[in-house]
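Presented below is the structure to which this report refers.
The values are calculated or read from the model by the stated rules, or taken from the named source; none is laboratory data. All values reported here derive from a predicted model rather than from experimental measurement. All Cβ positions, glycine included, derive from the backbone under ideal geometry; neighbour counts span all protein chains shown.
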Amino acid sequence: MEIGIVGKPNVGKSTFFAAATLANAQIASYPFTTIEPNMGVAYVRAKCPHAELNVQCNPRNSLCVNGTRLVPVKMIDVAGLVPDAHRGKGLGNKFLDDLRQADCLIHIVDASGSTTCDGNLCNPGEHDPLEDVGFLEREIYYWLAGILMKDWERRARGIEISGGKLDDMLSEKLAGLGITQKHILAALHAAPVDASKPSKWKEEEFLAFSKILIKIAKPIIIAANKADIAPEEHLKKLLSLKEYIVVPTMADYELALRRAARAGIINYTPGSADFEILKPESLSEAQKKGLEKIREGLAKFGGTGVQKCIETAVFKLLDRIVVYPVEDESHFKDKEGRVLPDAFLMPRESTARDLAYRVHTDLGKNFIRAINARTKMVLGSDYVLKDGDIIKIVAKV
């Protein structure tokens, strides 16, 4: 799974990314600090079954800390976007091309209104953050519409004459964008376009279809960043948006806390609403005041919002569940003896066969049955997985 971090320059994208992954992203107060995309790994939390089963887990593709399974999620922080990027302004479409395989996008918005449309600094409250939501939408829709319109008329006429399927043509055209045929069929059904006469589509049809397709294939969650210094009216406007999930965030606080925890100065669990100072004698008065200021922000918002935003994107926006495949259903082990080795994020409504394909293509192709490791019940290929399931796949050798 891949989550893209997007937004205009200087709103805290790279700070959010660095806080989420503890990667060394370049951070500065000027536009286009990020030129090449930064790649890293964040984690989402799930309850590890090992305590319930009275066994000691040996995670392979994830981590387990005090009974919490930390499941990795790939993060990508791309170049900032400015209005009219689809026409070549700023870094043009480069940032969008870097997001081709993203499953969803976290749009970092400066809720404080202290950055202009072009990403330059201004006084807090001077810029309306709702404008940033609107312009990013437009840029993404125009980007996708531009891809669709290339060589469209010839292809569309070809399927009209041959009786071919529009969704097949679109699947081929959008294959490199992580957009599936299922996404395309859903968008064709919902968009106000005439799928029987695609050669007649005009710009408004391409934009309408692109808007629906993006919402289905690459949904967006908004991180209302710099929430601690945001005017109350700005935060209220963002939180009242009906088409988006909006999470107030303080990425700079999260980054400071994670770095302090790594240095052994504090005890802090990402997503927590408080922290413990372990070495108060080693801190200067300025550092103590800084930590107390952070603590006030955590108390006000119930945390920095960074971990909450990522987990909301995975578990709510993308509607994923965590499933544990094993090879030995009696001892919950893999063939090398590791207990509960893997934790996979699967789309809700996934089946046992889907899990088999996720583990290995050959398991999916040669699927015979599955076994619920908790109950030892035999499951068919169409069994719908549940959150926290531990499943053995049986396949032909």
Identity of the residue in the range 215-232, among the charged types (D, E, K, R) and without any contact (Cβ under 8 Å) to a residue 60 or more places away in the chain, that ends up farthest from T249 (Cα to Cα) = K215
query = Do we have any residue at all in the range 141-152 that's touching a residue at least 40 places away in the same chain (Cβ under 8 Å) and part of a loop (DSSP other than H, G, I, E, B)?
reply = no
remark   = Of the candidates K300, K308, K293, the one satisfying the condition of being without any contact (Cβ under 8 Å) to a residue 12 or more places away in the chain and part of a helix (DSSP H, G or I) is K293
ask   = Name the residues in the range 216-242 that are in a loop (DSSP other than H, G, I, E, B), crowded, with 21+ Cβ neighbours inside 10 Å and hydrophobic (A, V, I, L, M, F, W, C), would you?
value = A230
request  = Working carefully through the options V82, V6, V78, V11, find the one that is at pLDDT below 95, over 15 Å from the mean Cα position of the chain (by Cα) and within 29 Å of T180 (Cα to Cα).
outcome  = V82
request  = Please find, within the range 95-113, the residue that is modelled with the lowest pLDDT out of those that are closer than 16 Å to S14 by Cβ and not β-branched (V, I, T).
outcome  = F95
In the range 188-207, the residues that are within 16 Å of A156 (Cβ to Cβ) and in contact with a Phe, Trp or Tyr (Cβ under 9 Å, 6 or more places away or on another chain) = L188, A191, V193, D194, P198, S199, W201, F206
note = When restricted to V339, V384, the only residue aliphatic (A, V, I, L, M) and surrounded by fewer than 16 Cβ atoms within 10 Å (Cβ to Cβ) is V384
message = Among the residues that make up the range 370-377, is at least one of them closer than 27 Å to A42 by Cα, crowded, with 16+ Cβ neighbours inside 10 Å and touching an Asp or Glu at 6+ places or on another chain (Cβ under 8 Å)?
response = no
request  = Report yes if some residue within the range 371-384 is touching a residue at least 24 places away in the same chain (Cβ under 8 Å), under 22 Å from the mean Cα position of the chain (by Cα) and in a strand (DSSP E or B); otherwise report no.
outcome  = no
Residue list for the range 278-301, filter: of a type in the set (G, A, S) and surrounded by 13 or more Cβ atoms within 10 Å (Cβ to Cβ) = G290, G297
inquiry  = For the range 243-267, give me each residue that is at pLDDT 95 or above, of a type outside the set (A, V, I, L, M) and part of a loop (DSSP other than H, G, I, E, B).
reply    = Y244, T249
